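Participant: Supplied in structure tokens, the structure appears directly below.
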Ligand SMILES: [Zn+2]
């Protein structure tokens, strides 16, 4: 053994003696005060080692006639059974040791076992394959720790909260086959420890996030239920209700919500590529449902509603923000059917195709949504336009443009609030009669 190591151990033993002369501590709580030194031992074993060395010290001192019985008595009183029995062997006097100043002698292996079993039960109830343990300890316990830290200058100490968290986490991982996950756990289990070491357990089940795409094959379908002032649903179905109806029961979830990459007008279809979205399944009782099973339920429901939704893979909370935020950056292709009260001439259509090639468009907030959105101007770009004439007064146009461009206003000009517009370029009033989103770029 190196002399450095011997010096370290004897320093730890000396300081422990000083502490135990004044403060009762169990082996685990004593060992934790010197956690930083490690010595390849758990807190419990380190504390036990220190106490064994102290017992040897008592025997040596006694046989040399060096120390006072009072010191030995105090160490026996505060050092738990081990030192008390050494004292009894020497002095023939029984002592009932005091309970630990920090944990009252309650922080034991069987305590950890009991708590972890209950935590496992909760994880099983939530069908969780990953978890995170949180620990809250009563203020009084923290105050006592701080007390010792300040009084004895114990910068080597680990907090009881940290040890509880680690030990419970380890046991849970061993016992119930869930893996700890610090960033994205299925369930967070919080153990609250009172000053007398009674405890309560609460849990927070994180939502399941799944990425996918949806198609709206009919019109008048909103994203979320649209309730009128008189309390009626304005449209018979919404994407969110559709997803909820298909998935709530198989995940046994409280609620299902959607986060889409932008949205089309209620009366526009979403065809072609479909639109990306993230589905959030809140407080699911069953988490380990395969994507295929969920897709099957969605397909089944598509027979009753003109909505198609396909899920791709499990994802994380952060992708929800990503999908919503970068929606504006995705370019779109729209198909719009346009009616003109005046006759449309072939040269009008050529003019439109030529004019709207990589053209900047300035749009003030459309009058139809001014009630709920602030009036401001934004600049978007139309990259290309392709037109087919359907009849003398109707044509169909494909418009490739920036995300967030208001297409209906691009057609009719919105009383000069969108410049330039189709109507302005051909010098005739134009009315968009049908709108579809054909492509949302990846
Ligand atoms: Zn203790």
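Participant: Which is in a loop (DSSP other than H, G, I, E, B) and either under 26 Å from residue 345 (Cα atoms) or not assigned by TED's automatic domain parsing to the domain that holds residue 213 (or both), of 435, 398, 405?
Facilitator: None of the other options fit; the residue is 405.
Participant: Quick test for you: out of 163, 245, pick the one residue that is touching a helix residue (DSSP H, G or I) at 6+ places or on another chain (Cβ under 8 Å), part of a helix (DSSP H, G or I) and over 24 Å from residue 324 (Cβ atoms).
Facilitator: 163
Participant: Would you tally the residues in the range 29-48 being modelled with pLDDT under 95 and either over 21 Å from residue 5 (Cα atoms) or assigned to a loop (DSSP other than H, G, I, E, B) (or both)?
Facilitator: So the answer is 6.
Participant: Also, I was wondering about something else. Just to be sure before I move on: is residue 25 assigned to a helix (DSSP H, G or I), within 16 Å of the ligand (Cβ to nearest atom) and crowded, with 16+ Cβ neighbours inside 10 Å in the structure I sent?
Facilitator: When the stated conditions are applied, residue 25 does not pass them.
So that you can scan it fast, the table gives a plain yes or no per residue for (1) closer than 15 Å to residue 260 by Cα; (2) outside the structural domain of residue 246 (by TED's automatic domain parsing); (3) within 21 Å of the chain's Cα centre (by Cα):
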position	(1), (2), (3)
273	yes, no, no
281	yes, no, yes
305	no, no, no
320	yes, no, yes
323	yes, no, yes
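Participant: Oh, and also: Only one residue in 271, 258, 250, 279 is out of contact with any strand residue (DSSP E or B) (no Cβ under 9 Å at 6 or more places or on another chain) and either over 22 Å from residue 369 (Cβ atoms) or assigned to a strand (DSSP E or B) (or both). Which one?
Facilitator: The unique qualifying residue is 250.
Participant: Among residues belonging to the range 73-82 that are modelled with pLDDT of 90 or more and either in a helix (DSSP H, G or I) or outside the structural domain of residue 46 (by TED's automatic domain parsing) (or both), point out the one that is surrounded by the most Cβ atoms within 10 Å (Cβ to Cβ).
Facilitator: 76
Participant: Hey, another quick one. Only one residue in 85, 116 is more than 21 Å from the chain's Cα centre (by Cα), more than 16 Å from the ligand (Cβ to nearest atom) and assigned by TED's automatic domain parsing to the domain that holds residue 25, so which one is that?
Facilitator: 85
Participant: Okay, moving on. Examine the range 120-131 for a residue that is touching a strand residue (DSSP E or B) at 6+ places or on another chain (Cβ under 7 Å), away from the ligand (no atom under 16 Å from the Cβ) and part of a helix (DSSP H, G or I), and state whether such a residue exists.
Facilitator: yes
The values are calculated or read from the model by the stated rules, or taken from the named source; none is laboratory data. None of these values were measured; they are calculated from a predicted model. Every residue, glycine as well, gets a Cβ built from its backbone with ideal geometry; the counts of neighbours run over all protein chains shown.
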